[in-house]
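The structure appears below as structure tokens.
The values are calculated or read from the model by the stated rules, or taken from the named source; none is laboratory data. Note that the structure is predicted; figures quoted are calculated from it, not measured. Counting neighbours? That spans all protein chains shown, and the Cβs are built from the backbone with ideal geometry, glycine included.
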Amino acid sequence: MKKMKRIIGILIVLTFGSQTIDAQQVPMYTHYMYNTLVINPAYAGSRDALTVTGLHRSQWVDFSGAPITQTLSMHTPLLDEHIGLGLSVINDKIGPINNTAVFANFAFIMNLNTKSKLSLGLSAGANIFQANLSTLQLDQQNDPVFASNINNHVTPNFGFGVYYSRERFYAGISTPNLIQNNYSVINLEDGTSLIGKEQRHFFLIAGAMIPLTQNLAFKPTTLLKVTSGAPIQSDITASFIINKRFLVGAMFRTGDAVGCLIGFDITNQLHAGYSFDWSYGVKTFKYNQGSHELILRYDFKFLDKKQIHSPRYF
């Protein structure tokens with residue numbers, strides 16, 4: 001039990017900061033290709049409908065204090081389809097630390113030609129950070145790193161993104177949190193300081209839909225995450241679409257996990273998906289039963305349209 005508590009402590013320090021540590025902090029999503037708005041505001045309005053997406057991720061099941069993440073996003077184009085508006089909410093919990101982010105998204109959508117679009121996006125909102133560090137049971141009592149709680153620390157932020165799309169291809173680059181806000185500064189006995197701060201991340205996304213036969217298509221996608229003080233991490237996913245309705249795929253996350261995905265278009269408007277991934281590259285893999293993720297996405301039809309304009313593959 002003490003060993004597990006030490007591991008939890010290490011994870012918290014990597015998230016919160018020790019002296020001054022820069023590390024990857026953002027939640028992981030195996031369904032990143034369906035959860036694009038939370039990482040790139042330029043995606044807003046890209047589906048020709050009011051789209052609502054909900055995701056739940058339970059990471060490292062059976063591991064005490066493991067990350068649990070929920071996201072809810074919605075976005076729509078305005079009537080002229082050159083403006084996209086969206087809203088995204090992320091709740092991420094790891095051990096005694098909880099971070100909630102609420103952001104509004106705006107995208108300006110340009111038609112490059114009849115087949116391709118380029119969107120420029122901005123997001124603005126705030127992160128609400130809480131850390132109940134004093135509730136931890138420590139092997140070393142009176143550790144100044146864990147002596148003080150942080151309650152509802154609100155930090156405003158904004159982000160930027162670019163999103164290019166065609167009917168069967170997309171690519172984008174974004175940074176959702178441009179400001180690296182500090183959570184706290186604690187003066188330690190030796191005169192040094194503990195600084196926890198939001199770390200700026202950069203994301204590169206890309207994907208394609210490649211028809212193989214009349215009833216089979218190949219859908220490769222990738223997500224690249226870059227931040228200071230952490231290795232570059234890439235998600236690579238290969239999925240097959242069967243009868244334009246069923247999805248089955250496999251994923252590989254560098255230095256972290258492998259997994260599988262399944263999905264089903266229940267109707268032309270409602271998609272449901274599930275994924276399981278197993279950690280191979282972190283020390284916690286000995287103590288957990290993998291990670292589970294569920295996603296639901298619904299496209300509302302506009303009243304002035306008899307049907308959603310063209311299939312939306314992304």
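Within the stretch 295-314, the residues that satisfy the criterion of being at pLDDT 90 or above and surrounded by 16 or more Cβ atoms within 10 Å (Cβ to Cβ) are Ile295, Arg297, Tyr298, Asp299. Residues in the stretch 279-294 that are closer than 24 Å to Leu72 by Cα and either at pLDDT below 65 or in contact with a Lys or Arg (Cβ under 9 Å, 6 or more places away or on another chain) (or both): Ser291, His292, Glu293, Leu294. Under the condition of being loosely packed, with under 15 Cβ neighbours inside 10 Å and either in contact with a strand residue (DSSP E or B) (Cβ under 7 Å, 6 or more places away or on another chain) or modelled with pLDDT of 90 or more (or both), the residues counted in the stretch 129-145 number 1. Evaluate the following for Asn113: is it at pLDDT 90 or above and assigned to a loop (DSSP other than H, G, I, E, B)? The answer is yes for Asn113. Taken over the stretch 103-121, the criterion of being surrounded by 15 or more Cβ atoms within 10 Å (Cβ to Cβ) and among the β-branched types (Val, Ile, Thr) is satisfied by Ile109 alone. Total residues in the stretch 213-256 satisfying the condition of being of a type in the set (A, V, I, L, M, F, W, C), without any contact (Cβ under 8 Å) to a residue 24 or more places away in the chain and in a strand (DSSP E or B): the figure is 8.
Do we have any residue at all in the stretch 232-254 that's surrounded by 14 or more Cβ atoms within 10 Å (Cβ to Cβ) and modelled with pLDDT under 90? No, every residue in the stretch 232-254 fails to be surrounded by 14 or more Cβ atoms within 10 Å (Cβ to Cβ) and modelled with pLDDT under 90.
Only a single criterion out of (1) of a type in the set (Phe, Trp, Tyr); (2) modelled with pLDDT under 95; (3) closer than 21 Å to Tyr163 by Cα is not satisfied by Phe103, namely (2). For the stretch 46-98, what are the residues that are at pLDDT 90 or above, in contact with a helix residue (DSSP H, G or I) (Cβ under 9 Å, 6 or more places away or on another chain) and crowded, with 20+ Cβ neighbours inside 10 Å? Once the filter is applied, which keeps residues that are at pLDDT 90 or above, in contact with a helix residue (DSSP H, G or I) (Cβ under 9 Å, 6 or more places away or on another chain) and crowded, with 20+ Cβ neighbours inside 10 Å, the stretch 46-98 yields Ser46, Thr51, Thr53, Leu55, Thr71, Ser73, His75, Gly84, Gly86, Ser88, Ile90.
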